[in-house]
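Please read the structure below before turning to the comments.
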Amino acid sequence: MGLSWETDSSPYDSGPVLVGAKLNFVGDEALGEGGLRIVQAIGLMPNDEFALYDEGDFRIRVLTTGGFSPDGVTGVDPDMYEDFFRVHVIGKNGETVLLEEVGVDYEVAGGTLRVVGLSEPGQRENPDEGIYYDGCYAEDRDNYIDIILVGDETAARNVTFVEIPALEGGYRAFYNPGGPGPGAL
């Protein structure tokens, strides 16, 4: 709802473009997971909200053109919400409340919402199995990332949009995987 953008550059100049975001209930099982056996075979799954977190009521599935990369080479880690995203929600008095931090209970119209983190990039960090959130983190390299939320249903119905602000001095920019990255701009 309300998606629009203008551009006079190529994706290599501006990076991925947000083309959709959909809010869903988490439910009892991860829907829409699997499918590509090679992704499962090389150990990039499970990477859903159940595999990464012990909680979650809602998922906002975000889709971009060209995939996501913090620098054109490495993948997105599940703990990078605060680096890239903001969720806008209608507040108690009609104002906009920005969900900017993980683990904070935000009072909004209809109750509270809290960001748990990102799911869908790759597996949960597990040093015993050699999985670290570092430059070697293996993620599934598709065009989806899920933002996992906990809170009240009425509050979740007041989410208005997801933003990838890429602001200097604050939020980082996304780059296309294999793209030029920040050093080329």
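Can you pull out the GluC sites (Glu not before Pro) in segment 82-143 whose DSSP state is coil and whose Cβ has at most 14 other Cβ atoms within 10 Å?
Answer in residue order: Glu95, Glu101.
Which chymotrypsin sites (Phe, Trp or Tyr not before Pro) does segment 126-160 hold that lie in a coil by DSSP with at most 14 other beta carbons within 10 Å?
Answer by residue number: Tyr132.
Please get the size of the charge dipole for segment 97-185, origin at its Cα centre, with Cβ charges of +1 on Lys and Arg and -1 on Asp and Glu, quoted in debye to the nearest 20.
260 debye
Values quoted throughout were computed directly from the atomic coordinates according to the rules given, and no laboratory measurement underlies them. All values derive from a computational prediction rather than experimental measurement. Positions of Cβ are backbone-derived with ideal geometry, glycine not excepted, and every protein chain shown enters the neighbour counts.
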